[in-house]
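The values are calculated or read from the model by the stated rules, or taken from the named source; none is laboratory data. Note that the coordinates shown come from a computational prediction; the quantities given were computed from them, not determined experimentally. Heads up, the Cβs are rebuilt from the backbone with ideal geometry, glycines too, and the neighbour counts pull from every protein chain shown. Just the protein is used for accessible areas: all its heavy atoms, side chains included, with ligands, DNA and RNA removed. Shrake-Rupley method; radii C 1.70, N 1.55, O 1.52, S 1.80 Å.
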Amino acid sequence: MRVYLLGTPIDLLSHDESAARAVAAMTGRAPVVHVALNVAKFVQMRRNAELRRDIEAADMVGLDGMGLVLALRLFGARNVERVAGIDLMEVLFGECARRGLKPYVLGARADMLERASAAARLRWPGLVFAGMRDGYFAAAEEEDVVAAIRASGADCLFVAMPTPRKERFLARHGAALGVPFVMGVGGAIDILAGSVRRAPRWMQRIGLEWLYRLLQEPRRMLWRYAFTNIYFAGLMLGALLMRLAGRQVLQLEPVAPPPPYYMTQK
């Protein structure tokens, strides 16, 4: 079911439901674009109109952030489950290996791609990548990158670039990629490559994954987390006041899905 938190679409899908929809897109060759939504992106889209439009146009808006999970529960949503982007990516790598489907990875550094692909082949024997391309290319090279992805015959595409670059890339070129299932994965490739450690499971479960990341990279992440967490807390406080005033904060009724992502982009 799709709900709207302060007007932002979020699909309440379980981990298994998310994976099933992705596999159905790949095997049925029906274009689906997945966006993983977390607190940082929820805040950023309020300051970036293009990013907001890109997220609203996505076929799947996955719930990848414990702050959003807690907010949805606070405002009355049921059966709310976090589906981390990296977890979904790893499940789909396994499905690709089992079904003979081929993923393409775009983004990260070239050395991280090599390490990640080696780790993936060890973890999922039989996995064959349709291709890989690092994310360090100029705007003038985008058409060549798109042509290479299309020619690869990939069944799924994982875009490991930062927000909002990956969303903008897909908005410009989604229709030309020719890939059934497309998903942004941010820094997941660096984690798979072993260059970034993921928080222990207990920290993930209670919503402290951001703190673990902050402890690893305090200089780079301090301002980002301080700003986004304070801003998000302010948004939720405002939402509580809206609710007390009788205004709707969370739309729970199922609504018609948006047009397919590739049909909404020029």
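Among the residues making up segment 160-198, those that are within 24 Å of residue 52 (Cα to Cα), among the β-branched types (Val, Ile, Thr) and buried (at least 23 other Cβ atoms within 10 Å of the Cβ) are 179, 182, 185.
Could you check how many residues of segment 27-63 are open to solvent by less than 40 Å² (accessible area, probe 1.4 Å), assigned to a helix (DSSP H, G or I) and within 14 Å of residue 164 (Cβ to Cβ)? Residues in segment 27-63 being open to solvent by less than 40 Å² (accessible area, probe 1.4 Å), assigned to a helix (DSSP H, G or I) and within 14 Å of residue 164 (Cβ to Cβ): 8 in total.
Against the condition more than 23 Å from residue 201 (Cα to Cα) and open to solvent by less than 40 Å² (accessible area, probe 1.4 Å), how does residue 66 come out, does it pass?
Taking the combined requirement at face value, the residue does not satisfy it.
Across segment 250-260, the qualifying residues are those that are modelled with pLDDT under 80 and closer than 25 Å to residue 85 by Cβ, and the one among them that is least open to solvent (accessible area, probe 1.4 Å) is 258.
Only a single criterion out of (1) touching a residue at least 24 places away in the same chain (Cβ under 8 Å); (2) open to solvent by less than 50 Å² (accessible area, probe 1.4 Å) is not satisfied by residue 117, namely (1). Checked against the criteria, residue 146 counts as surrounded by fewer than 20 Cβ atoms within 10 Å (Cβ to Cβ) and among the β-branched types (Val, Ile, Thr). Of all residues in segment 90-100, none are among the aliphatic types (A, V, I, L, M), part of a loop (DSSP other than H, G, I, E, B) and either touching a residue at least 12 places away in the same chain (Cβ under 8 Å) or over 24 Å from residue 134 (Cα atoms) (or both).
Answer with yes or no whether residue 91 is modelled with pLDDT of 95 or more, open to solvent by less than 30 Å² (accessible area, probe 1.4 Å) and not acidic (Asp, Glu). Considered against the rule, which asks whether it is modelled with pLDDT of 95 or more, open to solvent by less than 30 Å² (accessible area, probe 1.4 Å) and not acidic (Asp, Glu), residue 91 comes out as no. Screening residue 16 with (1) assigned to a helix (DSSP H, G or I); (2) over 18 Å from residue 207 (Cβ atoms); (3) at pLDDT below 95 gives one miss only, at (3).
In segment 185-208, which residue that is outside any loop (DSSP other than H, G, I, E, B) and farther than 18 Å from residue 93 by Cβ is nearest to the chain's Cα centre (by Cα)? Looking at the filtered set, the residue picked out is 204.
Restricting 154, 148 to residues that are assigned to a helix (DSSP H, G or I), at pLDDT 95 or above and within 24 Å of residue 99 (Cβ to Cβ) narrows the list to 148. Name the residue that is nearest to residue 196 (Cα to Cα), counting only residues in segment 236-249 that are in contact (Cβ under 8 Å) with a residue 60 or more places away in the chain and open to solvent by less than 40 Å² (accessible area, probe 1.4 Å). Checked segment 236-249; the qualifying residue nearest to residue 196 (Cα to Cα) is 236.
Taken together, 237, 241, 214 contain a single residue that is at pLDDT below 90 and either in a helix (DSSP H, G or I) or touching a helix residue (DSSP H, G or I) at 6+ places or on another chain (Cβ under 7 Å) (or both), which is 214.
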